[in-house]
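The values are calculated or read from the model by the stated rules, or taken from the named source; none is laboratory data. Note that the structure is predicted; figures quoted are calculated from it, not measured. A quick note on method: Cβ atoms are made from the backbone with ideal geometry, for glycine too, and the neighbour counts reach across all protein chains shown. These area figures cover heavy atoms from the full protein model, side chains too; ligands, DNA and RNA do not enter into them. Shrake-Rupley method; radii C 1.70, N 1.55, O 1.52, S 1.80 Å.
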Amino acid sequence: MKLIKIKRKTQIEQRHTRKMGVLSTNVTYIKKTFLNLIPLKTLHKYRETYYGEIKDCEDCVLAK
């Protein structure tokens, strides 16, 4: 039995810009969990753009 597992979860988040307004995107979180219950650390977070490109959430901050 593994104690530490890696989970991937996708949820819809809203991003805001002054020019575009509200943008709803699918954001995928890759998290390390202990006993499949307790989240320890977020390893990576990325999102899919309107055109289908994959972007890292840390690189493109829409709300300033």
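Placing +1 on the Cβ of every Lys and Arg and -1 on the Cβ of every Asp and Glu, with no other charges, gives the chain a dipole of roughly 280 debye about its Cα centre. Working from label points 7 Å from Cα in the Cα-to-Cβ sense, the R8 to Y46 distance is 0.9 nm. Proximity of backbone amide H atoms, modeled 1.01 Å from N, is registered between C57 and K45, Y46, R47 at under 5 Å, excluding neighbours fewer than 5 places apart on the same chain. Per residue, the accessible area of the chain comes to 85 Å², computed with a 1.4 Å probe over protein heavy atoms only.
Among the lysines of the chain, pairs that are 8 or more positions apart or on different chains and have alpha carbons within less than 15 Å of each other number 18.
Overall, the accessible surface of the chain at a probe of 1.4 angstrom is composed of carbon and sulfur to the extent of 54 percent. Shown in residue order for segment 35-52 are the 3J(HN,Hα) couplings computed by the Karplus curve 6.51 cos²θ - 1.76 cosθ + 1.60 at θ = phi - 60°: 6, 6, 10, 9, x, 9, 7, 8, 7, 8, 9, 9, 9, 9, 7, 4, 8, x Hz (x for Gly and Pro). As a size descriptor, the averaged projected area of the C-alpha convex hull of the chain was calculated at 5.1 nm². Net charge near K5: determine it from the other residues with C-beta under 10 Å of the C-beta of K5, scoring Lys and Arg +1 and Asp and Glu -1. With Lys, Arg at +1 and Asp, Glu at -1, the net is +4.
Remind me, relative contact order of the chain in percent, using alpha carbon pairs under 8 angstrom and six or more residues apart?
On the way: 111 pairs, mean separation 18.2, N = 64.
For the chain, the relative contact order is 28 percent.
Label point 7 Å out from I54 along Cα-to-Cβ: which residues of segment 1-17 have amide N under 20 Å? Correct set: 6-13.
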